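The values are calculated or read from the model by the stated rules, or taken from the named source; none is laboratory data. From a predicted model like this one, the values you see are computed outputs, not experimental measurements. Methodologically, a virtual Cβ is constructed for each residue, glycine included, from the backbone with ideal geometry; neighbour enumeration extends over all protein chains shown. The protein model used for the area step is the full one, side chains on, heavy atoms only, and it has no ligands, DNA or RNA in it. Shrake-Rupley method; radii C 1.70, N 1.55, O 1.52, S 1.80 Å.
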Amino acid sequence: MSIFGKDRRFSAYTVGLLATSVLVPGLAGFFSVILYLASKFEEFSWFINSDGTRAYGFGSAFAVGGWLLSAVTGRNYARAAGANPAEYAKLKEIFDVLTARAAAAQPTTNDQATALAEAQVNLAYAAPSFAAEGPQRPSLRWGTGDAYLDLRERLHRAEEALIEVEPVSLAVGEAGYDVRRIEGGRFADSKRLLADIAAAQAALAQDPNNAAARAKLRQVRRAINEYRDSLRGGLIRARNHLFATAVYASTNAYALLGVAMIWGASRGAILAATVFYLIGATVGLFRQLQLASTATTTQEDYGLESMRLIQTPLFSGLAAIGGVVLLSIVPALTPAPATQPSGSRTAATTVTTSTTTTTATPAATPTSTTRTIPSLESIFDLNRNEMGLVIAAIFGLTPTLLVARLRAQSEGLKAGLKSSELGGETTAG
């Protein structure tokens, strides 16, 4: 029984709600703005959008309704075969191969029997995830990718244990593949790992049942697997962190929209803010697509790239609105240069017939021009702030600078996976 009750469909639906929650603020904002702007036209002016408060409230209600419907399709994120079909198919293949190897294993010593039992325990743990009816418990961990990593680590433990039981020819062949992966990878202790493999291969050539040599090969395989799994874990953490950030940022943005609409912002101001947002979002999205086209690796990223495409319009649009407000207010906060009144003189000389008298007059005091902070109505006015369109486009690119750095980090993780696999996964990858 899952934590959501006996009905597994209800559990899967709840997971679908959580997985699609990132879409709710965007849908709510879209419906609220459309309703409010449409009320300008008499044929679209109804009770539900007669003012900003009603438009915001009914827009939120429509978004919640759409969320409840979209969560039906989001139920797949609760199951191993639905959240990431490509990763699931790869792990299923690994599981089938390891199961066949475990069934064919014939331990001859107590150590080998123990290793086989260890492999079978890990395979038994993974077996429910590959059952014909799917995993026994729908879980959000499939949607976040954590369950895939956990499953892969279990398969790795089974693979490593089978090294102590399988025929010597297979063990030596796997060791040769490990050599190529270490040479192509970025292992900190690659020299030691290569030396261990060479020593183990030499020992097995003399005695195929050398338990110490097989244990050494098992340790090397574990070092490789843990290195690769740590890279996958980094991709999953980056993806989940980005998901949470997008949810919080979009919720705050929608709350800010609500304050403006309930406080009585005009339709013109809401329209201008929407235009600035869309310009920034479009520019940011095109930049993101450009970065995606230059990606050099095709490794599984557990939805990280898709999450970037979702959050880029959000962050770029918010940056565009913030940039327009910032550059409209900052000049008013900058002290204006002092100016001297025209025609003023610092001294006057009066000449008479009898005496010459010089009369000094006080120096004229420079006058300064007072700058006032523009109102939000004037900032969010497309007729009076046409420059805001250009500013929105420029600031729409600023979030992509941070995204580019994050992308470089994730590309480094994927490059590490690619370099240590040399063109393809082994039995357990």
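Note down the Stokes-Einstein diffusion coefficient of segment 141-227 in µm²/s, whole number, using a Kirkwood radius over alpha carbon pairs, 10 °C, and 1.306 mPa s. Kindly include the intermediate steps, with their values, before the conclusion.
On the way: Rh = 13.6 Å.
Taking Rh from Cα pairs, D becomes 117 µm²/s.
In units of 2.2 N^0.38 Å, what is the alpha-carbon radius of gyration of segment 78-150?
Values: Rg = 14.1 Å, N = 73, 2.2 N^0.38 = 11.2 Å.
Computed over Cα atoms of segment 78-150, the ratio equals 1.26.
Would you please name the trypsin sites (Lys or Arg not before Pro) within segment 36-131 that are DSSP coil residues with at most 14 other C-beta atoms within 10 Å of their C-beta?
Numbers: sites: K40, R54, R75, R79, K90, K92, R101; in loops: K40, R79.
When the trypsin sites (Lys or Arg not before Pro) of segment 36-131 are filtered for loop state and at most 14 Cβ neighbours within 10 Å, K40 remain.
For segment 86-195, max minus min Cα coordinate along each principal axis, in Å, sorted largest first?
Dimensions of segment 86-195 along the principal axes of its Cα atoms: 44, 37, 19 Å.
Over the Cα atoms of segment 232-325, each weighted equally, I'd like the Debye log10 I(q)/I(0) at q = 0.14, 0.18 Å⁻¹, rounded to two decimals.
-0.60, -0.87
On a C-alpha basis, how far is the centre of segment 88-142 from the centre of segment 191-223 in Å? Whole number, if you could?
Cα centroid of segment 88-142 versus Cα centroid of segment 191-223: 24 Å apart.
Taking 0.36 nm per residue of sequence separation and subtracting the Cα-Cα distance, how much length would be gained by fully extending the chain between L278 and S378, in nm to one decimal?
On the way: separation 100, 0.36 × 100 = 36.00 nm, distance 1.92 nm.
That pair, L278 and S378, stretches by 34.1 nm at full extension.
Please list the equivalent ellipsoid semi-axes of segment 191-248, computed as the square roots of five times the alpha-carbon gyration tensor eigenvalues, in descending order and whole angstrom.
For segment 191-248, the ellipsoid semi-axes come out as 41, 9, 5 Å.
Can you give me the Rg/Rh ratio for segment 27-136, using Cα atoms for both radii and the Kirkwood formula for Rh? Mind dumping the intermediate values first?
Working: Rg = 27.2 Å, Rh = 18.6 Å.
Expressed as Rg/Rh, it is 1.46.
Which lysines, if any, have their Cα less than 28 Å from the Cα of K418, not counting same-chain residues under 8 positions apart?
Straight-line reach from K418, under 28 Å: K90, K92, K191, K216.
Sort I236, I321 by heavy-atom solvent-accessible area, probe 1.4 angstrom, most to least. Before the final figure, lay out each step's value.
Working: I236 5, I321 40 Å².
These residues rank, largest area first, as I321, I236.
Apply the Debye scattering formula to segment 52-110, with a single equal point scatterer on each alpha-carbon and no solvent, then give log10 I(q)/I(0) at q = 0.19, 0.22, 0.26, 0.27 Å⁻¹.
Log10 I(q)/I(0), no solvent term: -0.80, -0.88, -0.98, -1.01.
Given the protein chains as shown and a 1.4 Å probe, how many square angstrom of S129 are accessible, to the nearest 10?
Solvent-accessible area, nearest 10 Å²: 10 Å².
Where in segment 7-73 are there chymotrypsin sites (Phe, Trp or Tyr not before Pro) that are in a DSSP coil and have at most 10 other Cβ atoms within 10 angstrom of their Cβ?
Numbers: sites: F10, Y13, F30, F31, Y36, F41, F44, W46, F47, Y56, F58, F62, W67; in loops: F41, W46.
Answer by residue number: F41.
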